[in-house]
1. Sort through Ala184, Ala173 and tell me the only one that's crowded, with 20+ Cβ neighbours inside 10 Å, in contact (Cβ under 8 Å) with a residue 12 or more places away in the chain and farther than 21 Å from Arg95 by Cβ.
2. List the residue pairs whose Cβ atoms are under 9 Å apart, where the first residue sits in the stretch 67-84 and is touching a residue at least 24 places away in the same chain (Cβ under 8 Å), the second is basic (Lys, Arg), and the two are 6 or more positions apart or on different chains.
3. Filter the strands (runs of 3 or more DSSP E) completely within the stretch 14-105 down to those with at least 1 residues that are under 16 Å from the mean Cα position of the chain (by Cα).
4. Looking at (1) buried (at least 20 other Cβ atoms within 10 Å of the Cβ); (2) within 19 Å of His177 (Cβ to Cβ), can you tell me which one Glu216 breaks?
5. Among the listed residues Gln208, Gln223, identify the single one that is of a type outside the set (Asp, Glu) and crowded, with 17+ Cβ neighbours inside 10 Å.
6. Please go through the stretch 159-181 and pick out each residue that is part of a loop (DSSP other than H, G, I, E, B) and more than 11 Å from the chain's Cα centre (by Cα).
7. Quick one: in the stretch 1-24, which of the residues that are touching a strand residue (DSSP E or B) at 6+ places or on another chain (Cβ under 8 Å) and aliphatic (A, V, I, L, M) is surrounded by the most Cβ atoms within 10 Å (Cβ to Cβ)?
Amino acid sequence: MITLGAIVPHSPLLAPRVGKEKRDALRATLLAYQQLEEHLYARGIETIVIISPHAQCYPDAFSGNMAERFTCTLKTFGDHETSVEMPCDILTLDRIQHVLRTHTDTPFTLTTSQELDYGFTIPLLFLSEYFKDLRIIPISPSLLSATAHVDFGRALRPILQESSKRIAIIASADLSHKLDPNSATGANVEGPAFDGTIRSKLKTMDIQGLLAMDPEAVEAAGQCGYLPIMMLLGVFDGVETTQTELCYEAPFGVGSLTELIEPVM
């Protein structure tokens, strides 16, 4: 069953060997990660379904990675020492693909890659320290519409809910990269507007309000989190939840949001 959801940032600067002294500016996010890990531990989470916008994606289908075991690294950023090893929850992923393919119209495919990108690595680096038997299911968004991503979440929910395992679903999602002059790619008005809308609509889980966002403005905000967030919200559509913003900060011009979503039991 699904016992917890979350949105987390994945800036490589959070990692000690990459961020170094810059990590001091992200103290609030690091603390929020610690709080989220405590929630995961308290809920006895056995499997994390984690969505990364930087994983291999397909234009017309969502996908899951079914390698037996994963290695999460930060080699892309020159860090050849940081590594997280994590097994796949193959049985649950197999159930997902079987149900989606045979009982729904949801386009879904499988990939096999043992090495995961930093959109997976950063969250797992901070959320798996105290777990001995944690398994993961890496999921990728597609290039389909935001509505299709919500529909994917809706289709995924009953499959996870019927599982005997205690499951968390996490959207690895940075917000706008164009917030202010500190942004590496420059600033524009769409950046702050995007972050403000996401934070505001999450307070009431206003899916329709988020779907109503102008696609061109979303693109102009320079974000990578919109579609993973829409997948996550689809999972909780129609479910009574409480939402807690654990942290929002943007010291380097990139919106970093850590949000906890808990179903009301």
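Nothing in this text is a laboratory measurement; each read-out follows from the coordinates by a stated rule. All values derive from a computational prediction rather than experimental measurement. Positions of Cβ are generated from backbone atoms using ideal geometry, with glycine treated the same way; all protein chains shown enter the neighbour counts.
1. Numbers: Ala184 fails: crowded, with 20+ Cβ neighbours inside 10 Å.
Sole residue among the options that is crowded, with 20+ Cβ neighbours inside 10 Å, in contact (Cβ under 8 Å) with a residue 12 or more places away in the chain and farther than 21 Å from Arg95 by Cβ: Ala173.
2. Going by the 9 Å Cβ cut-off, the qualifying pairs are Leu74/Arg17; Phe77/Arg17; Gly78/Arg17; Asp79/Arg17; Glu81/Arg17; Thr82/Arg17; Thr82/Lys75.
3. 47-51, 62-65, 69-74
4. Condition (1) is where Glu216 drops out.
5. Sole residue among the options that is of a type outside the set (Asp, Glu) and crowded, with 17+ Cβ neighbours inside 10 Å: Gln223.
6. So the first thing to find is which residues in the stretch 159-181 are part of a loop (DSSP other than H, G, I, E, B), and the list is 162-166, 173-181.
Residues satisfying the conditions are Glu162, Ser163, Ser164, Lys165, Arg166, Leu175, Ser176, His177, Lys178, Leu179, Asp180, Pro181.
7. From the stretch 1-24, those touching a strand residue (DSSP E or B) at 6+ places or on another chain (Cβ under 8 Å) are 1-12, 15-18; that's our starting set.
Subset that is aliphatic (A, V, I, L, M): 1-2, 4, 6-8, 15, 18.
On the way: Met1: 12, Ile2: 22, Leu4: 21, Ala6: 27, Ile7: 27, Val8: 29, Ala15: 20, Val18: 19.
Per the criteria, the residue is Val8.
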